[in-house]
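The values are calculated or read from the model by the stated rules, or taken from the named source; none is laboratory data. Just so it is clear, the model here is predicted, and its values are computed rather than measured. A quick note on method: Cβ atoms are made from the backbone with ideal geometry, for glycine too, and the neighbour counts reach across all protein chains shown. Heads up: the accessible areas ignore ligands, DNA and RNA and are worked out on the full protein's heavy atoms, side chains in. Shrake-Rupley method; radii C 1.70, N 1.55, O 1.52, S 1.80 Å.
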Amino acid sequence: MPGSRILLIVGGGIAAFKIPELIRMLRREGLSVTPVLTSGGAEFVTPLTLSALAEAPCHTALFDLTRESEMGHIQLSRNADLVVVAPATADLMARMAAGMADDLATTLLLATDKPVLAAPAMNVRMWNHPATRRNRDLLEEDGIRFVGPDEGDMACGEYGPGRMAEPEAIRDAILAALGHDRPLRLPPEAVVSLPPAQGRLSGHHVIVTSGPTHEPIDPVRYIANRSSGAQGTAIAAALRDLGARVSFVTGPAEVPPPEGVEVIRVETARQMRDAVERALPADAAVMAAAVADWQVLNARDSKIKKDAQGAAPMLEFAENPDILAWLGRLTNGRPDLVVGFAAETDDVLANAKAKRLRKGADWIVANDVSPETGIMGGPENAVTLITETGAEPWPRMTKPEVARRLAERIADTLAGELP
């Protein structure tokens, strides 16, 4: 709500140059911001800049005798409604995971009893390093939420996941963490959906996967499916509009995630499977992601170069985790309703029906993605809902319309109105 207090810890990365714009956005939402600038962050942005934009003092030193005589670092950590770390560098994440308190930022994080949201930012290899992955997993187990990182070009000249999420995405994640389903800048008349407390799916938790997965070959190449993520994004938004709490697990999609949902960004199939497992328990799961079936076993840490003879590199493949089959066959903690998708080019209904049985799914949403349909990556979809009782073809419609129809069917089922 307006007046909520944000303690914003600015880490030492080039992404710190985005923080002034983030502060402007948060102030426009009516939030108060107290900046804390690390010594590394001060190499990229000045305390005066942050203080002027936040209209509040920018804190930099742990041993400020005036405040410390009153245990100022404890008060600072407890007075906020949400602590935000942006950019959360690899070093800062490591010190957070280790429980260190050797400067003002880490001391505040260790002393706070408030929720913490982190926006990672680092080189792609640092992000993919097992140590960083362990630190992130540990921080998530401690209850810290994450937004990003995004995938793209980096200041170091490399490309991949590790870019800090854009200020708009961080703002929306902050609003979601504070319990807002829309950015506060929207006028009330612009919100046409019911508030979650009044929706048909109020009190229900639904997991939605979306987008493609990227299976790396080397730092610049990967294997992927042709998926924009538009259908999964529309489904998450439709479930949110019916009042569900949505955990949205998305690969590197072309469309931005919906507002008002918990966004969990992943890259590979294995990461997506782990994220779904961490999001359980749930009442329903909609597996709309186009997950790559195979991963490259001998992926390289450096770019593969052509040899003098121009011979193609020999790639070794291994099967990826089958997320839908794992979830459908889960014996402990399986959602009441598991919905899969089947994008087929031939024998659509027969293949979809067989997939439902093979994967242990309750429903399969089958769609014909043969090239002549223009559906894959397009704005429309023509699907058939496969259930235990038969096949129900739906007319061709926009992806948001498909999403709303599917969300209503899910609500009917969870309410016991449909088998």
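For the stretch 106-117, which residues satisfy the criterion of being open to solvent by less than 10 Å² (accessible area, probe 1.4 Å) and out of contact with any Leu (no Cβ under 7 Å at 6 or more places or on another chain)?
Hit for the stretch 106-117 is 106, nothing else.
To keep it simple, each residue is scored yes or no on (1) more than 22 Å from residue 406 (Cα to Cα); (2) in contact with a Ser or Thr (Cβ under 9 Å, 6 or more places away or on another chain).
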position: 248; (1), (2): no, yes
position: 267; (1), (2): yes, yes
position: 282; (1), (2): no, yes
position: 288; (1), (2): no, yes
position: 302; (1), (2): yes, no
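Got a sec? Which of 322, 301 is more than 13 Å from the chain's Cα centre (by Cα) and surrounded by fewer than 16 Cβ atoms within 10 Å (Cβ to Cβ)?
301
One residue is enough: does the stretch 258-265 have a residue meeting the conditions open to solvent by 40 Å² or more (accessible area, probe 1.4 Å), within 17 Å of residue 408 (Cβ to Cβ) and not assigned by the TED database to the domain that holds residue 172?
no
List the pairs whose first member sits in the stretch 113-141 and is touching a residue at least 24 places away in the same chain (Cβ under 8 Å), whose second member is open to solvent by 10 Å² or more (accessible area, probe 1.4 Å) and polar (S, T, N, Q), and whose Cβ atoms are under 9 Å apart, counting only residues at least 6 apart or on separate chains?
Within 9 Å, the pairs are 114/79; 120/89; 120/132; 121/89; 122/89; 122/132; 126/89; 126/132.
Hey, any hits in the stretch 374-383 for a residue that's of a type outside the set (Lys, Arg), at pLDDT below 80 and at positive phi?
yes
Sort out for me the strands (runs of 3 or more DSSP E) sitting completely within the stretch 141-212 that have 3 or more residues that are modelled with pLDDT of 85 or more, out of contact with any Cys (no Cβ under 7 Å at 6 or more places or on another chain) and not aliphatic (A, V, I, L, M).
Qualifying strands (runs of 3 or more DSSP E): 205-210.
Working only within the stretch 276-296, note down all residues that are buried (at least 20 other Cβ atoms within 10 Å of the Cβ) and more than 27 Å from residue 369 (Cα to Cα).
Matches in the stretch 276-296: 279, 282.
Mind checking which residues of the stretch 5-20 are closer than 14 Å to residue 35 by Cα and touching a residue at least 60 places away in the same chain (Cβ under 8 Å)?
Answer for the stretch 5-20, where residues must be closer than 14 Å to residue 35 by Cα and touching a residue at least 60 places away in the same chain (Cβ under 8 Å): 5, 6, 7, 8, 9, 10, 11, 12, 16, 18, 19.
Quick check on this structure: which one of 96, 122 is in contact with a strand residue (DSSP E or B) (Cβ under 7 Å, 6 or more places away or on another chain) and outside the structural domain of residue 264 (by the TED database)?
Only one candidate passes the filter, namely 122.
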